[in-house]
Amino acid sequence: MHIKEHSGERRDWRKGMPDSIKVKWWIFTGKVFQRYFPLLLGLWILFVLYPNPLNLIISFHRIFSPDVDPGAVEPMLEGLSSDPVAIEKTVLARITYNYDWEVHGMPWYFPTTKVVLEKEKGDCKARALVLASIFEAKNIPYYFNCSPIHMWVEYEGKMETSIENPKVKFYQRDPETGERFFQIPEIELGEVMDSFWRSFWNPMPEGRKALLVFGLFTLGVGRVILFKKQGPGY
């Protein structure tokens, strides 16, 4: 009888231990989750949008050091006019406009000139890259310009537009001297957000949208559950 009671006490003691461990585990996990919740959100977004984050790093580098390649455009030079306006029209006709999601499977990617010519499609970055490469091959002076929503090549005689003018650019590079110019662009936030929506969310594959939303929702629910498990005072 004594042995049975003793065994029961041992069972009660062992039964109580996992509960205390669980409490400590929930408290520890909850604190970690709360502290690093923004980081977890950022990592999930990065994982969904860029399974290979190296592509994002390379793209940022190419903003300031674009892969202008005169050799890659040599097949286009035969019979091509030396008038920069005519050259730009040729490039726009040759490179079909498509968003990066549609061409590279990423929301934003800065390709090389060779890749653009192989695919024969791309967005403003791709077209500017090919145009700059032709200008390099023909020794035509130009500037590489960036705004928050657009990238273009500026040259003598180019007509200004609402998205291609000195006021909206925040960065300019002179390939001849290597000089770089920065300024605060005069562009409406609504225009930036509209461009972001059209180029980022609309062409995003439905599977990626679902994965992104599901992950963010799961992280949010997990945070609420852990907060409740911790209880008040933690």
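Readers should treat all values here as calculations from the given coordinates under stated rules, not as data from a laboratory. Predicted model, so just to flag it, every value in this text is computed and none were measured.
Values for this structure:
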read-out	value
Too-long pairs where the Cα-Cα distance tops 21 Å, listed order kept, from Lys114/Lys209; Lys138/Lys169; Lys125/Lys169	Lys114/Lys209; Lys138/Lys169
Unit Cα scatterers, Debye sum, the range 45-124: log10 I(q)/I(0) for q = 0.20, 0.24, 0.27 Å⁻¹	-0.97, -1.23, -1.39
Counting DSSP beta bridges with both ends in the range 92-234, the antiparallel % (nearest 5)	85 percent
Using alpha carbons only: equivalent-ellipsoid semi-axes of the range 66-201, gyration tensor based, whole Å	23, 19, 13
